[in-house]
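Here the structure is laid out as structure tokens; the discussion comes afterwards.
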């Protein structure tokens, strides 16, 4: 793959998830009920056996991203991203699971009903994840892994949690005697499991490893001519302790924690004027132990106490010579955490998937519904909500919000509005069957009449994205999460690159903003990024779509329907993110843009000083009108 976008370039295969087939063998007892008086007790259980062999080596041919096309043409090592994986074996995602639940519906009286339940889940670890134990020779229990809930650097076969209990409670209450009002509330827990992508990309060095470009800020000539990063290799290798530690590039916490959500809601529903129902409800969800991607043996060398300044006006040479902090001096200690480096983990990045992620959602939802009567039904809904998280993607599934933190040792700095958050969402949908000729003869009813229309209008607040410098600003050998410098007095939505400033000895001691009036300034290597995660709004959704259909009743049993669906009927340009760019699905999709052939363009859109910075028309599809014809025969 070769991709030129803006001033950048990307070469290499798409590093997406493998395609595989899962066989699911299960048996169980479900929904056995017992009723006595006002109680109805239900219980059930299930046993599942998942069989999932697959083979995939990420970045087998290497992924290399360049901020400058010139570096590629002159065959220097990349300055934005460079990784290549080695090793190729069959991965077995086989798992066994046992679930059981009990639920009691208790009708206290004619106005009040209670629901009490409990669910238990146990799922084993994937078979091939046990191969982590092949790297037991690298065990270093004296190292406590940063941010991993006090787990030590031990390469044991991961152990599944056995205490996943999920209680649930709820009630429904109807005050008065009319039966027109209902108040409902509920609380519960729900567990998830971790997917095979984690295990298949986290093999021990005895099987494979991932190599990184040593220094993104120092370019090596003849990079591709020399084969790029090393690759190849397969099978089980016998390694010494030193070789194993030097080759280690992944770690899975021995004590696995399944992610889970805590959910609660409270709402009131009221029917009035025969055909109308109004509802208002508060909904909350908290995500706990969500999977995140981190590099546990690296640290940032830039801090509020040690960084290169960024100037908005040209300083004098005397001022530059008076600066004592240089880029070379900042880089001198090396970004490997000393205790890891002293133990021999100082060659590869050690990527860990750990349960450091969290999220919180609060939403006020309102809805007005008119029941279907006289050929018309409509529903209006408005939601005011906010989602806060410290991570959203844990794999390279989007460029809009990086999958790794800016500082591997500071997850608190990642807390921000989520890219999945939509402050306002309003929809108005209707179904209207034209009443004309309903009672006419067969010809008039089926040829002229029997038309239906279903319009829908949607407005949704924009997705948030992270402004990125696209260089290794904090010198931790990773540019994926490095943000920019925020100029509070700058012109909203504008960005600027920087020019390096040198002292008389030729050392980089600072940077000059090319446009001092910009809101976002690139944080050059060694500069201190001050902007937060997800501060740049994309465009909102403002869409009107329509479906229409025509029914022909051939006989009482045989009916034929044909129709058309018009997405974005008015062909109103909407340059918004979506997981299916160019396919007209962005207006109905809250998923961030996937990476792929245009991932460099997406990054350029987020990089201050780039020609397409904050220019959605240059990156996103317009979600042009799309038309689909449908037909159905019923008998």
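Okay, residues lined up against (1) more than 24 Å from residue 198 (Cβ to Cβ); (2) more than 23 Å from the chain's Cα centre (by Cα); (3) surrounded by fewer than 23 Cβ atoms within 10 Å (Cβ to Cβ):
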| residue | (1), (2), (3) |
| --- | --- |
| 377 | yes, yes, yes |
| 384 | yes, no, yes |
| 389 | no, no, no |
| 405 | no, no, no |
| 420 | no, no, yes |
| 433 | yes, yes, yes |
| 440 | yes, yes, yes |
| 445 | yes, yes, yes |
| 448 | yes, yes, yes |
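Do you know which residues across region 438-488 are touching a helix residue (DSSP H, G or I) at 6+ places or on another chain (Cβ under 9 Å) and under 20 Å from residue 535 (Cα atoms)? Within region 438-488, 460, 465, 468, 470, 481 qualify. Can you find a residue that is at pLDDT below 85, farther than 30 Å from residue 140 by Cα and under 34 Å from the mean Cα position of the chain (by Cα) anywhere in region 227-239? Within region 227-239, none of the residues are at pLDDT below 85, farther than 30 Å from residue 140 by Cα and under 34 Å from the mean Cα position of the chain (by Cα). Here is a check on your reading of the model: is residue 170 more than 22 Å from residue 123 (Cβ to Cβ), loosely packed, with under 14 Cβ neighbours inside 10 Å and over 26 Å from the mean Cα position of the chain (by Cα)? The answer is no for residue 170.
Residues are listed down the side, and each one gets a yes or a no for (1) in contact with a helix residue (DSSP H, G or I) (Cβ under 6 Å, 6 or more places away or on another chain); (2) under 30 Å from residue 231 (Cα atoms); (3) at pLDDT below 85:
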site	(1), (2), (3)
23	no, no, yes
39	no, no, yes
57	no, yes, yes
69	no, yes, no
85	no, yes, yes
97	no, no, no
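Condition (residue is buried (at least 21 other Cβ atoms within 10 Å of the Cβ), closer than 25 Å to residue 126 by Cα and in contact with a helix residue (DSSP H, G or I) (Cβ under 9 Å, 6 or more places away or on another chain)) applied to region 216-238: is it met by at least one residue? Within region 216-238, not a single residue is buried (at least 21 other Cβ atoms within 10 Å of the Cβ), closer than 25 Å to residue 126 by Cα and in contact with a helix residue (DSSP H, G or I) (Cβ under 9 Å, 6 or more places away or on another chain). In the set 344, 334, only one residue is surrounded by fewer than 20 Cβ atoms within 10 Å (Cβ to Cβ), in contact with a helix residue (DSSP H, G or I) (Cβ under 6 Å, 6 or more places away or on another chain) and in a loop (DSSP other than H, G, I, E, B); that residue is 344. Looking at 82, 87, 93, just one residue is surrounded by 17 or more Cβ atoms within 10 Å (Cβ to Cβ) and on the phi > 0 side of the Ramachandran plot, and that residue is 87. Every condition in (1) under 29 Å from the mean Cα position of the chain (by Cα); (2) within 30 Å of residue 371 (Cα to Cα) is met by residue 279 except one, and the failing one is (1).
Considered as a group, the residues in region 506-531 that are in contact with a helix residue (DSSP H, G or I) (Cβ under 8 Å, 6 or more places away or on another chain) and assigned to a loop (DSSP other than H, G, I, E, B) include one that is nearest to residue 479 (Cα to Cα), and that residue is 525.
To keep it simple, each residue is scored yes or no on (1) within 30 Å of residue 159 (Cα to Cα); (2) out of contact with any strand residue (DSSP E or B) (no Cβ under 7 Å at 6 or more places or on another chain).
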site	(1), (2)
245	yes, yes
248	yes, yes
254	yes, no
273	no, yes
283	no, no
295	yes, no
299	yes, yes
303	no, yes
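Every condition in (1) part of a loop (DSSP other than H, G, I, E, B); (2) more than 29 Å from residue 404 (Cβ to Cβ); (3) out of contact with any helix residue (DSSP H, G or I) (no Cβ under 9 Å at 6 or more places or on another chain); (4) touching a residue at least 40 places away in the same chain (Cβ under 8 Å) holds for residue 562 except the one numbered (1). Out of 461, 479, one residue alone is surrounded by fewer than 24 Cβ atoms within 10 Å (Cβ to Cβ) and under 28 Å from the mean Cα position of the chain (by Cα). It is 461.
In contact with a strand residue (DSSP E or B) (Cβ under 8 Å, 6 or more places away or on another chain), surrounded by 17 or more Cβ atoms within 10 Å (Cβ to Cβ) and closer than 30 Å to residue 60 by Cα: is that true of residue 128 in this structure?
On the way: in contact with a strand residue (DSSP E or B) (Cβ under 8 Å, 6 or more places away or on another chain): yes; surrounded by 17 or more Cβ atoms within 10 Å (Cβ to Cβ): yes; closer than 30 Å to residue 60 by Cα: yes.
Taking the combined requirement at face value, the residue satisfies it.
For region 439-470, a residue qualifies if it is assigned to a loop (DSSP other than H, G, I, E, B), at pLDDT below 95 and farther than 20 Å from residue 539 by Cα, and the qualifying residues are 439, 440, 441, 449, 450, 470.
In region 585-616, what residues are at pLDDT 85 or above and assigned to a loop (DSSP other than H, G, I, E, B)?
Correct list: 606, 607, 608, 609, 610, 611, 612, 613, 614, 615.
Being outside any helix (DSSP H, G or I), exposed (fewer than 15 other Cβ atoms within 10 Å of the Cβ) and in contact (Cβ under 8 Å) with a residue 12 or more places away in the chain is a property that does not hold for residue 367. Each residue in region 202-216 was checked for being closer than 20 Å to residue 354 by Cα and modelled with pLDDT under 85, and 2 pass.
The values are calculated or read from the model by the stated rules, or taken from the named source; none is laboratory data. Given the structure is predicted, the values throughout are model-derived calculations rather than measurements. Reconstructed Cβ throughout: ideal geometry from the backbone, glycine too, with neighbour counts over all protein chains shown.
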